[in-house]
Amino acid sequence: MELQSIIIMTLALAAGAIVKGATGMGLPLVALPVLTAAFGLQHAVGLMVIPLIVTNAWQVWRFRREAGSDRLAFMPWFLAGGVVGIGVGTWALTTLPERVLVLALGAMLLGYIGLRLVTPQWSLGLKLARRLGPLAGLGGGTLQGATGISAPIGVTFIHAMKLDRDAHVFTVSAMFLTFAVVQLPALWAAGVMRPEWMLQGVLALVPILAFMPLGHWISGKLSRTAFDRMILVFLGLIGLKMVLGV
């Protein structure tokens, strides 16, 4: 890998790690669009799998006490739907033209920003979450398999539950971890994953683990509103670049 590519990869992963350290999520949402623009979608998706497994396994373990919460009763069927969606999305990744997937990913990013700006202030009840969970999981898993990002559906659904911070981080991390664990063999079976991409994923843990603590520190210095706006502006620019193909 050329020095320029290493610098781009490191900066993208560092930015994503800072966001994840500050908010408990956001590593693929920030890093993957930049990696896609630099290396191509399949390479970016393959590279991100190992970092997603490691970072989210740590967060699931850290907040494991939340696993027994009654409000998380929707999770088994939600995750089951996601497993099915991973298969559907991986098929799309290997079948559809990359420009179509990049365009879709850019549009999803812009849609996610729109949802973040206009999300109504209502809470999704447990009964409704159980009904919608499999569909939300299917949609999130399909996005994960096809584009490497499940947040536009998965995180939006979980956010609507109005969970407290620890339960929210545990639930989102469990989703990302499950999706990544299933995605790894799916990519191998589809002939997408390459050994060098896995090695790059392992090396990517260096900037990620180095910069996640910085995110923790920043979260204590900036208001959550100001930090969210800064990230949304960044994502908006990346999304526009991907949609316009510039």
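Only the coordinates and a few stated rules stand behind these numbers; no lab work does. Everything quoted here is computed from the prediction, not taken from an experiment. In this analysis, Cβ positions are derived from the backbone assuming ideal geometry, glycine residues included, and neighbour counts consider all displayed protein chains.
Quick notes on this one:
- Between Ile7 and Lys127, full extension at 0.36 nm per residue minus the direct alpha carbon distance yields a gain of 38.5 nm.
- Whichever lysines have a C-alpha closer than 25 Å to that of Lys241, once near sequence neighbours (fewer than 8 apart) are set aside: Lys20
- Subtracting the Cα-Cα distance of Asp70 and Leu199 from their residue separation scaled by 0.36 nm leaves 42.5 nm.
- At an R0 of 51 angstrom, the distance between the Cβ atoms of Leu240 and Trp61 translates into a FRET efficiency of 0.85.
- Relative to the globular-protein estimate of 2.2 N^0.38 Å, the Cα radius of gyration of the stretch 1-110 stands at 1.21.
- Backbone N under 18 Å from the Leu135 label point (7 Å along Cα→Cβ), restricted to the stretch 159-203: 159-161
- Bridging of Lys127 to aspartates and glutamates at a Cα separation below 13 Å is possible for Asp70, once same-chain residues fewer than 8 apart are set aside.
- Contact order normalised by residue count of the stretch 3-244, Cα under 8 Å, 6+ apart, percent: 37 percent
- The stretch 5-45 shape via C-alpha gyration tensor axes, a/c threshold 1.5: oblate
- GNM remark for the chain: springs join alpha carbons under 10 Å apart, and the peak mean-square fluctuation among Val155, Val19, Val100 falls on Val100.
- Quarter of the Cα convex hull surface for the chain, i.e. its orientation-mean projected area (nm²): 12.3 nm²
- When shorter helices are ignored and each DSSP H run of at least 4 residues is given -39500 (n - 2.57), the per-residue value for the chain at 222 nm works out to -28000 deg cm²/dmol.
- Estimated at 0.36 nm per residue, the fully extended path between Lys221 and Val118 surpasses their Cα-Cα distance by 34.5 nm.
- Unit Cα scatterers, Debye sum, the stretch 142-205: log10 I(q)/I(0) for q = 0.12, 0.17, 0.23 Å⁻¹: -0.38, -0.69, -1.00
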